Amino acid sequence: QVQLVESGGGLVQPGGSLRLSCTASGSIFSINAMGWYRQAPGNQRELVATITSGGSTNYAESVKGRFTISRDNTRNMVYLQMNSLKPEDTAVYYCNSNIRSSSTFRTRDYWGQGTQVTVSS
């Protein structure tokens, strides 16, 4: 079984910063792309940022220049550094990872349980 666990969410004032972390654990053979998505109340889940196993990154236009995604392949972790936060960044943030299982050797996407980020004064 594969699990993704996020941490680092919370309440922050506009202009502030937060760093989200996500750890993948369990029956992992290999990890391909990792990423962060978010979902605000009443909205669909949307892509925030992704990073390939080789380190190539992709960002939503709304977060470019403010958010930075990175990963530690030795620890099966992905991070999201969020700076200059705005109220419209308020959402539940989900970690996503495309993983090949070491028990089934099948590859599929896995999701974390989500962590709440609230930007408010």
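Of all the residues in the stretch 50-69, those that are touching a residue at least 12 places away in the same chain (Cβ under 8 Å), surrounded by 15 or more Cβ atoms within 10 Å (Cβ to Cβ) and either part of a strand (DSSP E or B) or touching a helix residue (DSSP H, G or I) at 6+ places or on another chain (Cβ under 7 Å) (or both) number 5.
Rundown of residues vs (1) more than 16 Å from the chain's Cα centre (by Cα); (2) over 21 Å from Val12 (Cβ atoms), yes/no style:
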position	(1), (2)
Gly42	yes, yes
Gly54	yes, yes
Thr57	no, yes
Val63	no, no
Met77	no, yes
Thr107	yes, yes
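Name the residue that is surrounded by the most Cβ atoms within 10 Å (Cβ to Cβ), counting only residues in the stretch 14-30 that are more than 18 Å from Ser62 (Cα to Cα) and over 14 Å from the mean Cα position of the chain (by Cα). Only one residue tops the list, namely Ile28. When the residues of the stretch 111-121 are filtered to those that are over 16 Å from the mean Cα position of the chain (by Cα) and assigned to a loop (DSSP other than H, G, I, E, B), the one that is surrounded by the fewest Cβ atoms within 10 Å (Cβ to Cβ) is Ser121.
All of Leu47, Leu85, Leu80 fail the test of being part of a strand (DSSP E or B) and farther than 18 Å from Thr23 by Cα, apart from Leu47.
Scanning the stretch 80-110 for residues that are hydroxyl-bearing (Ser, Thr, Tyr) and under 26 Å from Gly42 (Cα atoms), which turns out surrounded by the fewest Cβ atoms within 10 Å (Cβ to Cβ)?
Once the filter is applied, the top-ranked residue is Ser84.
The numbers here are math on the coordinates, done by the rules we state, and not lab data. Values in this document were obtained by computation on a predicted structure and should not be read as measured data. All Cβ positions, glycine included, derive from the backbone under ideal geometry; neighbour counts span all protein chains shown.
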